[in-house]
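All remarks here apply to the structure that follows.
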């Protein structure tokens, strides 16, 4: 029985992790899931409406869902249905996060308490917000104050909201289906009236006025609408030539034919506003059928992306890594077999989830695993966990699982915070648009980061276990030393090859192998640091503890290269300035320095040394 | 210190570690310094130097604070070679290390060669336009054109630093002397506030230049300006002229033109010329030109963006390459990550003009050492792999045995 506990535990949690791979349930008679799956084009890529909703919510409130006043949550797709179809309800939802005290003061909002405000609560202040945001936007990013940034953020949120409201129907029309029928009827007499008037002849004033009124509305929508929701008429010519609702309706004046997508959207909206779910679902199903026949690729891609976001594999990984970490640590204090095996099997399960998540993203994007800072965090964690699994497979001493789960957990937290900036699957700028270099240089560099962190975290385990617990026996210390040394070799290989490949890429794309760009320098520092560790070891300049302290410092070096250089605000590679991240980077650096101080404490302060009366090997003179 | 001890230190691992540590500090400090003083100045001060000097605020003396890139690189190189001569034999076990170090030596030597020999410039082409020269993005030259003969121009080019250091320029093949009245390393044009001084000629009557601080930004460059007085052989003044890339550079000139009022526009569109001994001369301060034995004509520039965004998806320039001497004439497509390597030069798709969709900007690089990093990477990669794999296989064998 005892032997099967780890297997059962892993199986149960594996089932939980896989259970997200199904259509989520909504408490609604409207087919929310199918609505959320509808493909649209935004930021240059086809994505489901659900992703549009999620990323818009991130812009507005930094979270992917909406809290309801009476408790409970509104899913992104449900919220988007409200915004686009019944904004009178959405306008009262607390959507916009306003934190900055000066901004709250300026907007006459309560100084304490409430953090999120509704569109209606901010309504009276739009002019002031717009004025301040436009002024702030003129300054360069580094010259902007926190107030400037806050007001720009709020303004962007409000604009996005306003644009969403006009994405599927003009905000002013009540019965959009009816309006389209009238528009279709008016088209011929309306155009005739316009022509006659231009020619200076008699024209039907009534036709002219009602036609022009609609055209003006659609012209406004053409400028305001956010995602491009109408698929192209001739997909064989340009498959990505989607248009937004307004543009499509204005084109209708030329072609005389309202696009089928527009008609179906109008039917859905009218049914939604009149609370008739059957009609809504029928129109939605018809549209999806039409899409499936004409835009099969786009439909299945957005369906997959919808499933991916609702599965939330990386959120599940966070939970699982935490469990593995606790099980792994527990194994050092008793019932080793039980806890160690449980942790190991569960780590295998988590690794499968983590890998599937990354592969899923790769298939969605059609890209190698790392394309931006967010995905680099996912991949650093993945590489570290892989190394941890290998170490555990050979040593079976829980060191591999504890290190892997700690790094897996931390990198997932970092990734989660990076994902709050918006879409994580943006299209790549021209120079980055090369799968060959993304697959070689970027992957090698990222594995270099991962392995340097692995060495550093193994060293942390050595120091923490040595100083605070009695569990660091002499043999364990020796094992850890061998592990750290081996991993540093590995890190040297990957970071060196990755750095040089980056240089070669730069040589290919702008003729400069090495330009002392901050990102390049960061990579170089990692290579140099790993080289120092190896040479110091070969020259016997450091002993066991010296090696550990050097490896911990490697964490600082790597975090500088990974994040620090982005905060310098210079360089071709810079991803953008991140103030909150800067605080956390500094906190991390300080924590590592403290660990190095701990690692340098004389032997008598080490609990394990006192327990064994045996110091880790002093360095041979 | 006796020689034996010196040699012992020279090939010691301690020296390696010390050099690597200094290298890390140097790279770190040099990276941070880019924020303050810009990439080029930081490179010159930290990486392309033997010692890094520091000027304590409020004083005029400089004290060395760090070894510079050349010194660290040089010592590391000597250390590496010395260590190999003294300690390493050519055993199979050490083959990996040997390859790694050979690769590193190649890399360092190649980068030094690149540092000394590499010339970077840019070629800006509008659709239909052909050019047989590229222009430096960093250096300018004072060009004096003799345009008397309609068939060809005679050019005398004076490097910009001469304007900075000399008060008077006299070239043997020019029948006049150029007096440098004012020289600004970085400048901005503005309309004249007061009426022009007596003798001011050309656009100077409408415009004047003011000095601006040298830029530290990566994406900006210094645009110098100079006020020159021409004195004939009898030292009589023909007047003063303002010259600056603002007045002739294809990218900058349209900016000035856009901001100008109608009268200034008229002045700007006229060439700045003067006559002496029945010959006509034109003056301009322009980006330094590097002439090529062939020319490129831009046939088509395409610049795709992702649908509904401004994110560039792809740039490509279709150019015609013509070399009269060999009668070579062919079409080439240059695009991102796919440069044209020809005649010792490499042409990269670098940029575009935000204001004119028909303009491509190609980066032109001459670097005889461009292959060394490729070889070095293979050597070091293979060496590291060999070394660590032999370790790993030994380890696995021991564990599973």
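Which ones in the stretch A:399-441 are in a helix (DSSP H, G or I), within 14 Å of chain B (Cβ to nearest Cβ) and under 23 Å from residue A:45 (Cβ atoms)? Once the filter is applied, which keeps residues that are in a helix (DSSP H, G or I), within 14 Å of chain B (Cβ to nearest Cβ) and under 23 Å from residue A:45 (Cβ atoms), the stretch A:399-441 yields A:430, A:431, A:432, A:435, A:436, A:437, A:438, A:439.
This table checks each residue for (1) out of contact with any strand residue (DSSP E or B) (no Cβ under 6 Å at 6 or more places or on another chain); (2) buried (at least 17 other Cβ atoms within 10 Å of the Cβ); (3) within 30 Å of residue A:245 (Cα to Cα).
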| site | (1), (2), (3) |
| --- | --- |
| B:308 | no, yes, yes |
| B:315 | no, yes, yes |
| B:320 | no, no, no |
| B:346 | no, yes, no |
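Among the residues of the stretch B:218-225, is any part of a helix (DSSP H, G or I) and surrounded by 15 or more Cβ atoms within 10 Å (Cβ to Cβ)? No; the residues of the stretch B:218-225 include none that is part of a helix (DSSP H, G or I) and surrounded by 15 or more Cβ atoms within 10 Å (Cβ to Cβ). Filtered by the rule that a residue be modelled with pLDDT of 90 or more, surrounded by fewer than 17 Cβ atoms within 10 Å (Cβ to Cβ) and outside any helix (DSSP H, G or I), the stretch B:74-131 gives B:126, B:127, B:128, B:129, B:130. Residue B:66 satisfies every condition listed in (1) in contact with a strand residue (DSSP E or B) (Cβ under 8 Å, 6 or more places away or on another chain); (2) crowded, with 17+ Cβ neighbours inside 10 Å; (3) modelled with pLDDT of 90 or more; (4) closer than 30 Å to residue B:349 by Cα except (4).
Exactly one of (1) closer than 19 Å to residue A:452 by Cβ; (2) modelled with pLDDT of 90 or more is unmet by residue A:541. Its number? The one condition residue A:541 does not meet is (1).
The residues listed here are B:76, B:32, B:53, B:26; of these, the one that is farther than 17 Å from residue A:527 by Cβ and either in contact with a strand residue (DSSP E or B) (Cβ under 8 Å, 6 or more places away or on another chain) or touching a residue at least 60 places away in the same chain (Cβ under 8 Å) (or both) is B:53.
Restricting B:389, B:385, B:379 to those that are closer than 30 Å to residue A:395 by Cα, more than 7 Å from chain A (Cβ to nearest Cβ) and in a helix (DSSP H, G or I) reduces the list to B:389.
Taking the criterion of being under 19 Å from the mean Cα position of the chain (by Cα) and either touching a residue at least 12 places away in the same chain (Cβ under 8 Å) or buried (at least 18 other Cβ atoms within 10 Å of the Cβ) (or both), the residues of the stretch B:36-50 that qualify are B:37, B:38, B:39, B:40, B:41, B:42, B:43, B:45, B:46, B:47, B:48, B:49.
For the stretch B:1-23, the set of residues classified as within 7 Å of another protein chain (Cβ to nearest Cβ) and surrounded by fewer than 20 Cβ atoms within 10 Å (Cβ to Cβ) consists of B:13, B:14, B:21, listed by residue number. Filter the stretch A:509-557 down to the residues that are over 30 Å from the mean Cα position of the chain (by Cα), part of a helix (DSSP H, G or I) and at the interface with another protein chain (Cβ under 7 Å from one of its Cβ atoms) and list them by number. Correct list: A:528, A:529, A:531, A:532, A:535, A:536, A:538.
Every residue, every condition in (1) in a loop (DSSP other than H, G, I, E, B); (2) in contact with a helix residue (DSSP H, G or I) (Cβ under 7 Å, 6 or more places away or on another chain); (3) farther than 30 Å from residue A:190 by Cα, yes or no:
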residue: A:248; (1), (2), (3): no, yes, no
residue: A:253; (1), (2), (3): no, yes, no
residue: A:257; (1), (2), (3): yes, no, no
residue: A:266; (1), (2), (3): no, yes, no
residue: A:270; (1), (2), (3): no, yes, no
residue: A:275; (1), (2), (3): yes, no, yes
residue: A:280; (1), (2), (3): no, yes, yes
residue: A:283; (1), (2), (3): no, yes, no
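Taken together, A:491, A:506 contain a single residue that is more than 9 Å from every other protein chain (Cβ to nearest Cβ), buried (at least 24 other Cβ atoms within 10 Å of the Cβ), in a helix (DSSP H, G or I) and under 29 Å from the mean Cα position of the chain (by Cα), which is A:491. For the stretch B:335-355, state whether one or more residues are in a strand (DSSP E or B), more than 14 Å from chain A (Cβ to nearest Cβ) and farther than 30 Å from residue B:185 by Cβ. Checked against the condition, which is being in a strand (DSSP E or B), more than 14 Å from chain A (Cβ to nearest Cβ) and farther than 30 Å from residue B:185 by Cβ, the stretch B:335-355 yields no hits at all.
Taking the stretch B:175-201 as the search range and keeping residues that are under 22 Å from residue B:281 (Cα atoms) and in contact (Cβ under 8 Å) with a residue 60 or more places away in the chain, which one is surrounded by the fewest Cβ atoms within 10 Å (Cβ to Cβ)? The qualifying residue surrounded by the fewest Cβ atoms within 10 Å (Cβ to Cβ) is B:175. Is there a residue in the stretch B:361-373 that is modelled with pLDDT of 85 or more, within 11 Å of chain A (Cβ to nearest Cβ) and surrounded by fewer than 19 Cβ atoms within 10 Å (Cβ to Cβ)? Yes, the stretch B:361-373 contains at least one residue that is modelled with pLDDT of 85 or more, within 11 Å of chain A (Cβ to nearest Cβ) and surrounded by fewer than 19 Cβ atoms within 10 Å (Cβ to Cβ). Restricting the stretch A:143-191 to residues that are more than 30 Å from residue A:89 (Cβ to Cβ) and assigned by TED's automatic domain parsing to the domain that holds residue A:53, which is surrounded by the most Cβ atoms within 10 Å (Cβ to Cβ)? Among residues in the stretch A:143-191 that are more than 30 Å from residue A:89 (Cβ to Cβ) and assigned by TED's automatic domain parsing to the domain that holds residue A:53, the one surrounded by the most Cβ atoms within 10 Å (Cβ to Cβ) is A:148.
In the set (1) within 26 Å of residue A:51 (Cβ to Cβ); (2) without any contact (Cβ under 8 Å) to a residue 60 or more places away in the chain, residue A:228 fails one condition alone, (2). Tell me yes or no: at least one residue of the stretch A:465-485 is within 16 Å of residue A:386 (Cβ to Cβ) and either away from every other protein chain (no Cβ under 14 Å) or part of a helix (DSSP H, G or I) (or both). Yes, the stretch A:465-485 contains a residue that is within 16 Å of residue A:386 (Cβ to Cβ) and either away from every other protein chain (no Cβ under 14 Å) or part of a helix (DSSP H, G or I) (or both). A single member of A:139, A:90 is modelled with pLDDT under 90 and either surrounded by 20 or more Cβ atoms within 10 Å (Cβ to Cβ) or within 29 Å of the chain's Cα centre (by Cα) (or both), and it is A:139.
The values are calculated or read from the model by the stated rules, or taken from the named source; none is laboratory data. As the structure is a computational prediction, the values presented were derived from the model and not from experiment. Please note: Cβ atoms are built from the backbone with ideal geometry, for glycine as well, and neighbour counts cover all protein chains shown.
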